[in-house]
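The block underneath contains the structure these notes are about, expressed in structure tokens.
A short reminder: the numbers here are calculations on the coordinates, not readings from a lab. Remember, it's a predicted structure, so these values are computed and weren't measured experimentally. We place every Cβ from the backbone using ideal geometry, glycine too, and count neighbours over all the protein chains shown.
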DNA sequence: TTGGTCCTACGAAGGTCTTAGTATTAAATG
DNA sequence: CATTTAATACTAAGACCTTCGTAGGACCAA
């Protein structure tokens with residue numbers, strides 16, 4: 001087993017890049033670079049390196065178009081969100097999602113409207129199950 | 001401004017240690033080391049180093065008892081949970097807690113009972129506000 | 001063909017994180 | 001008092017992360 005232990009999670013910069021790819025669907029080094037936050041000043045070669053590494057880690061796939069690589073997410077944002085929440089639940093909460101939601105819901109600066117939205121979400125989900 | 005930018009979040013190992021301190025309320029190097037997961041094999045000096053660094057970063061405070069330091073969390077688990085969720089919401093979701101809860105709630109392996117618990121939580125919270 | 005432009009590949013510097021060994025000091029034991 | 005034990009402080013190795021410079025190749029314009 002010579003396999004370099006695959007790291008499951010994106011690093012800070014990788015997440016930054018992946019977020020753009022998720023939004024665009026796919027993109028070249030140039031595309032991603034152009035979409036980064038205004039203040040963000042990153043050399044072209046840095047961006048290229050980051051995407052190359054992300055491909056090594058199998059977070060993205062690439063296809064050559066002319067002389068240029070077009071990168072595409074290898075995993076959906078939804079799936080990554082779930083994976084991340086699950087990990088957080090295990091590491092910082094008690095492993096059940098309930099306590100995580102409780103923490104969210106009990107936060108002072110959570111608007112009443114947001115709470116209602118969440119309840120609506122739940123109601124929908126629960127009646128679905130009844131069917 | 002020579003201030004070394006304070007890192008807001010615990011690293012992997014720091015979280016591991018902090019979790020024990022949160023559970024125990026406080027503890028020495030030896031205490032924490034003894035509480036770590038069974039398979040976890042860490043040198044005493046490693047644990048001591050980690051706690052010393054955590055104190056530098058102001059995640060814990062210490063008080064000398066005899067010749068030994070007793071470490072105590074400098075921030076509550078609740079507060080850290082909130083901070084972490086907020087950060088995650090901004091980085092991986094759309095910045096509102098609603099979408100995060102939605103992702104949780106829509107996960108297939110969320111039991112009906114858990115859903116009911118969450119709804120109960122919400123109901124309690126919403127009627128509280130009405131008072 | 002020669003020079004500029006744009007791409008990829010690679011290497012390296014500087015930072016942080018994790019781990020543990022060594023040195024030193026203080027307490028306990030006989 | 002000498003020796004063993006247990007704690008802290010420091011240093012350093014190795015890994016990974018972030019960033020960028022340099023080199024090399026392809027393409028295009030004059």
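Just checking the output field for A:11-18: average partner chain Cβ neighbours within 10 Å of each residue's Cβ? Please list the in-between numbers first.
Numbers: counts 0, 1, 0, 0, 2, 1, 0, 1.
Mean partner shielding for this stretch: 1.
Under a plain spin-label model, where a point goes 7 Å from the Cα along Cα-to-Cβ, how far apart in nm are residue B:91 and residue A:126?
Going by the 7 Å Cα→Cβ label model, 3.4 nm.
In the Gaussian network model of chain B, springs joining C-alpha atoms below 10 Å, which of B:42, B:88, B:121 carries the largest mean-square fluctuation?
Answer for the Gaussian network model of chain B: B:121.
Per residue of the protein assembly as shown, what 222 nm ellipticity follows from adding -39500 (n - 2.57) for every DSSP H run with n ≥ 4, rounded to the nearest 500?
Theoretical 222 nm ellipticity from helices: -18500 deg cm²/dmol.
Shortest first and in nm to one decimal, what separations exist between residue A:58 and its copies in the other chains, measuring from label points 7 Å along the Cα-to-beta-carbon line?
List, nearest first: 4.3 nm.
Relative contact order of chain A, please, whole-number percent, based on alpha carbon pairs below 8 angstrom and at least 6 residues apart.
18 percent
Where the label is 7 Å out from Cα toward Cβ, how close does residue A:109 come to the same position in every other copy, in nm, shortest first?
So the label point of residue A:109 gives 3.3 nm to the other copies.
Need one value for A:78-86: mean number of C-beta atoms belonging to other chains within 10 Å of its residues' C-beta atoms.
Working: counts 3, 0, 1, 9, 6, 0, 6, 9, 3.
Taking the mean over all residues of the peptide, I get 4.
Which of B:26, B:56, B:65 ends up with the largest GNM mean-square fluctuation for chain B, with Cα atoms connected below 10 Å?
Maximum fluctuation in the GNM of chain B, among the listed residues, is at B:65.
Can you list the copy-to-copy distances for residue B:34, using a point 7 angstrom from Cα toward Cβ, in nanometres, shortest first?
6.3
Helix A:112-130: angle to the longest alpha-carbon principal axis of chain A, degrees 0 to 90, nearest 10?
80 degrees
Within a 10 angstrom radius of each residue's Cβ in B:101-112, how many Cβ atoms of other chains show up on average? Whole number is fine.
The per-residue average across the peptide is 6.
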